[in-house]
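The values are calculated or read from the model by the stated rules, or taken from the named source; none is laboratory data. Just so it is clear, the model here is predicted, and its values are computed rather than measured. All Cβ positions, glycine included, derive from the backbone under ideal geometry; neighbour counts span all protein chains shown.
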Amino acid sequence: MERVLDYKDILDDKKVKLVAFRLRRYASLWWTNLCAKRTRNRKGKIRTWEKMKSKLKSQSLPATYLQDNYSQLHNLTQGNLIIEEHTRGFEKLLIKCDIQEPEEQTIVRYLGGLDPKYSNVVELQ
């Protein structure tokens, strides 16, 4: 959704309305219900894209989503995967966890999950 909004240069004040309009089935029903609850509880309308994204994430992702991804990243090992597959899995988990760390720390994290015969070669490089 972010890419579509960016591609179409949708202004921030229009994003919530456009995304709400594009919701389908359960998501549309959920959004309508959320808006009605907010009105009943005398809360203001959701007007920012950041707030809407937060509500959508909390509704559609499991409560343990981020924790599960951190755990997978922490326990990731190469196992029977070829290096390219392991690297791709590592990169996906880094993106999901939105890890902000120095490059040296990321390299150590990556090498820790590689088969020792490969990590030793990579460390020499």
May I ask you to list the residues in the range 45-62 that are in a loop (DSSP other than H, G, I, E, B) and either in contact with a strand residue (DSSP E or B) (Cβ under 9 Å, 6 or more places away or on another chain) or loosely packed, with under 14 Cβ neighbours inside 10 Å (or both)? K45, R47, T48, L61, P62
What are the residue pairs meeting all of these: first residue in the range 72-98, first residue assigned by TED's automatic domain parsing to the domain that holds P116, second residue surrounded by fewer than 16 Cβ atoms within 10 Å (Cβ to Cβ) and charged (D, E, K, R), Cβ atoms under 6 Å, and 6 or more apart or on different chains? Q78/D115
Suppose we filter L81, L66 for residues that are surrounded by 14 or more Cβ atoms within 10 Å (Cβ to Cβ) and outside any helix (DSSP H, G or I); which single one remains? L81
Report the residue count in the range 6-44 for those that are part of a helix (DSSP H, G or I) and basic (K, R). 8
